[in-house]
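Notes to accompany the following structure.
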Amino acid sequence: MDQNQNCHKNNEFLFKVLIIGDVAVGKSSIMKRFAENVFDRKYGSTIGVDFKTKKLKLGGKAVKLQIWDTAGHERFRSITSAFYRGAHGIVLVYDVTRMETFTNIPKWLQELDLQDYNCTVKILFGNKSDLSSERDVPRETAFKYADSNNMFLFETSAKTGNSVNEAFEHLVSRMLVAFHEAESTATKPILSGDLSTCILSEQEKIIAGSGCSC
Amino acid sequence: MIEVAKKKELRDLQEQQKKQEDQSHHENFVVNALATWNKEILPNWDNMRNAKKVLELWWLGLPPSVRGRVWKLAFGNDLHITQELFEIFRCHAEQKLLNNENSKSRLRSEDLAAKSQNFVTDSVVDLITMDVSRTFPSLGIFQKGGPFHNVLYKVLGAYSCYRPDIGYVQGMAFLAAVLLLNMEEIDAFICFANLINRPMQMAFFSVDQPMMRAYFLAFEVHLQDHLPKLQSHFTEQGLTPDLYLTDWIFTLYSKSLPLDVASRVWDLFCRDGDEFLFRTALGILQMFSSELMKMEFITLAQFLTKLPENISEENLFQSIANITITREKFNQVLTEQTQKVLQLYPADKLKQHPTLRK
């Protein structure tokens, strides 16, 4: 999956973002809300991986996100972990109405550590925030946890759309920062990266290095 | 103006007549086929199963009213599952569901005694319950309160008790649901267990990575044989078969193709075996090859993980008919690729491997 190297030309960026988390926390709904601004209650479980793209502008920079929505089933983890490669951003999702989906977050983080993706930007989504009467994960607990793990937490609702865009925009801004940090600490000029490692559309034909600042 | 309007009217009328003719032609065909299946084939199953005439009729798809019976005969029951055995596991599954609900309500009620006794909910039961509601959501019959909700839970729950080593794996709900749409609960369970027990399904549902890899590699060999240009385009774009084949194989196309088209794929999968799953995949790729050739990685991935909803059954089967993979070829390629995988995986890992060790 070499096309997923960090790529940019004329301030156009292409980022690969992965959505992971337990079964039925709303990963596909978050992706659909963000990419198409719709909520579909009738959404079947994801087997393997689904994809969407989304273009946005942030601080004058055009960004194209390639979103990989993975299956949440633990048994699939060995399959889905192969998709982590080359990800620039990871969205970790839990369901605020089911405590176990939150207590499993460290397991997901561990999975990322195993894959050596420490340098990817990670963000935490507490989804289904609209179901306030069924809340099981206290806000304070979640925010404290996110803070101590150096992650930003957004309580989102794919159903109402609440905070979904804001959360993704925050993720994008942090990926841009990470990209520039990598660029400035890279030992060789960034645009001399291995051209063959990136396959892109016509507009995105130049690759930047894939260095990591951490 | 009037002339033009008249011409259009005439054209519309002709089109309508043509449609009606096609419709009645199709109805006639179904009535005749049904009679043949009921009167000639099913009573003489063992003798007629492989007759040329039967195989040809089978290719056209099974009439829905005999579908369940034919599938049951074709899947067989090598596992010798009986009604009694099913009842035992069904009872276990129902009990587990009950226990789970009790634990949950006690945990919800802030019952300190319950919490201190460490009441835990059964994650498999939770997973099945959640997934059952997310199975064919547009049909609205498997969702909570729908007529097939409980029965789908029972089949999947019973299976996870019957084979705790495999348990429940996502994708299973779709398979059991397709079976339940065509047969009774007990038959659906028997077919389901025997279906999962087939080599390819067992490799995927036990998430046997070396074997899955061998299947993906084997698929690429067939892709290279039949659609070499597309294969090199996919390679250039970095699109590997695991990205789209995973869903197709786990759900036997029931999630990705319209249900009536998927049912016909199942008909032929019953007739021919695993090679038909590969032929279907290649048929899909061939049907859309000119579009696919123009797409870049992400568009390809999006397209193949969400196929157009109005896929034409006729065109797809026309396309599948152009793809030939014999049983011998399928097995030969799979064996070769399995050998390759053997060399790729560390020896100590393979020592514990149930299939590859041989």
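Could you say whether any residue in segment A:65-84 is touching a strand residue (DSSP E or B) at 6+ places or on another chain (Cβ under 7 Å), open to solvent by less than 60 Å² (accessible area, probe 1.4 Å), away from chain B (no Cβ under 14 Å) and modelled with pLDDT of 90 or more?
No; the residues of segment A:65-84 include none that is touching a strand residue (DSSP E or B) at 6+ places or on another chain (Cβ under 7 Å), open to solvent by less than 60 Å² (accessible area, probe 1.4 Å), away from chain B (no Cβ under 14 Å) and modelled with pLDDT of 90 or more.
Sort out which residues of segment B:203-232 are within 14 Å of chain A (Cβ to nearest Cβ) and closer than 21 Å to B:I166 by Cα, and write them in order of number.
B:A203, B:F204, B:F205, B:S206, B:V207, B:D208, B:Q209, B:P210, B:M211, B:M212, B:R213, B:Y215
Among B:R106, B:R90, which is the only one that is assigned to a helix (DSSP H, G or I), open to solvent by 50 Å² or more (accessible area, probe 1.4 Å), in contact with a Phe, Trp or Tyr (Cβ under 9 Å, 6 or more places away or on another chain) and farther than 25 Å from B:F269 by Cα?
Result: B:R106 is the single residue among B:R106, B:R90 that is assigned to a helix (DSSP H, G or I), open to solvent by 50 Å² or more (accessible area, probe 1.4 Å), in contact with a Phe, Trp or Tyr (Cβ under 9 Å, 6 or more places away or on another chain) and farther than 25 Å from B:F269 by Cα.
Considering only residues of segment A:146-178 that are open to solvent by less than 10 Å² (accessible area, probe 1.4 Å) and assigned to a helix (DSSP H, G or I), which is nearest to A:S129 (Cα to Cα)?
A:V164
Can you tell me which of A:G86, A:G126 is closer than 17 Å to A:S28 by Cα and not β-branched (V, I, T)?
Just a single option satisfies the conditions, and that option is A:G126.
Within segment B:126-185, work out how many residues are assigned to a loop (DSSP other than H, G, I, E, B), aliphatic (A, V, I, L, M) and within 13 Å of chain A (Cβ to nearest Cβ).
Counting residues in segment B:126-185 that are assigned to a loop (DSSP other than H, G, I, E, B), aliphatic (A, V, I, L, M) and within 13 Å of chain A (Cβ to nearest Cβ) gives 4.
Return a yes/no flag: does segment B:235-243 have any residue that is in a helix (DSSP H, G or I) and closer than 19 Å to B:M200 by Cβ.
yes
If you check B:R264, B:R271, B:R279, which single one turns out to be farther than 15 Å from B:P63 by Cα and charged (D, E, K, R)?
Just a single option satisfies the conditions, and that option is B:R279.
Report, by residue number, each residue of segment A:98-140 that is among the hydroxyl-bearing types (S, T, Y), in contact (Cβ under 8 Å) with a residue 12 or more places away in the chain and away from chain B (no Cβ under 14 Å). If you could, list the steps in order and put the result at the bottom.
Initial filter on segment A:98-140 (among the hydroxyl-bearing types (S, T, Y)): A:101, A:103, A:117, A:120, A:129, A:132-133.
Cutting the leftovers down to in contact (Cβ under 8 Å) with a residue 12 or more places away in the chain gives us A:101, A:117, A:120, A:129.
Scanning segment A:98-140 gives A:Y117, A:T120, A:S129.
Restricting attention to segment B:285-296, does a residue exist that is crowded, with 21+ Cβ neighbours inside 10 Å and either within 14 Å of chain A (Cβ to nearest Cβ) or among the small types (G, A, S) (or both)?
No, the conditions are met nowhere in segment B:285-296.
State whether the residues of segment A:161-173 include one that is among the acidic types (D, E) and under 28 Å from A:A82 (Cα atoms).
Checking segment A:161-173: at least one residue is among the acidic types (D, E) and under 28 Å from A:A82 (Cα atoms).
In segment B:5-23, is there at least one residue being free of Cβ contacts under 8 Å to residues at least 12 places away in the same chain, open to solvent by 90 Å² or more (accessible area, probe 1.4 Å) and under 27 Å from the mean Cα position of the chain (by Cα)?
no
Can you tell me which residues in segment B:233-283 are open to solvent by 10 Å² or more (accessible area, probe 1.4 Å), under 15 Å from B:E220 (Cα atoms) and within 14 Å of chain A (Cβ to nearest Cβ)?
B:H233, B:T235, B:E236, B:Q237, B:G238, B:T240, B:D242
Of all residues being open to solvent by 10 Å² or more (accessible area, probe 1.4 Å) and in contact with a Lys or Arg (Cβ under 9 Å, 6 or more places away or on another chain) in segment A:88-106, which is nearest to A:G161 (Cα to Cα)? Just the residue, please.
Filtering segment A:88-106 for residues that are open to solvent by 10 Å² or more (accessible area, probe 1.4 Å) and in contact with a Lys or Arg (Cβ under 9 Å, 6 or more places away or on another chain), the one nearest to A:G161 (Cα to Cα) comes out as A:T97.
Here is a yes/no grid of residues against (1) over 23 Å from A:G48 (Cβ atoms); (2) open to solvent by 50 Å² or more (accessible area, probe 1.4 Å); (3) assigned by the TED database to the domain that holds B:Y244; (4) touching a Cys at 6+ places or on another chain (Cβ under 7 Å):
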position	(1), (2), (3), (4)
B:I128	no, no, no, no
B:V132	no, no, no, no
B:S138	no, yes, no, no
B:G145	yes, yes, no, no
B:L156	no, no, no, no
B:L179	no, no, no, yes
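Among the residues of segment A:53-63, is any over 17 Å from A:L176 (Cβ atoms), surrounded by 21 or more Cβ atoms within 10 Å (Cβ to Cβ) and at the interface with chain B (Cβ under 8 Å from one of its Cβ atoms)?
Residues of segment A:53-63 that are over 17 Å from A:L176 (Cβ atoms), as a first pass: A:53.
Next, from what is left, pick out any that are surrounded by 21 or more Cβ atoms within 10 Å (Cβ to Cβ): none.
No, segment A:53-63 has no match at all.
Of these, A:R33, A:R41, which one is away from every other protein chain (no Cβ under 13 Å), touching a Ser or Thr at 6+ places or on another chain (Cβ under 9 Å) and of a type in the set (D, E, K, R)?
Answer to the check: A:R33.
The values are calculated or read from the model by the stated rules, or taken from the named source; none is laboratory data. Fair warning: this is a prediction, and the values are worked out from it, not measured in the lab. Here Cβ is always computed from backbone atoms with ideal geometry, including for glycine, and neighbour counts include all displayed protein chains. Please note that ligands, DNA and RNA were not included when accessible areas were found on the heavy atoms of the full protein model with its side chains. Shrake-Rupley method; radii C 1.70, N 1.55, O 1.52, S 1.80 Å.
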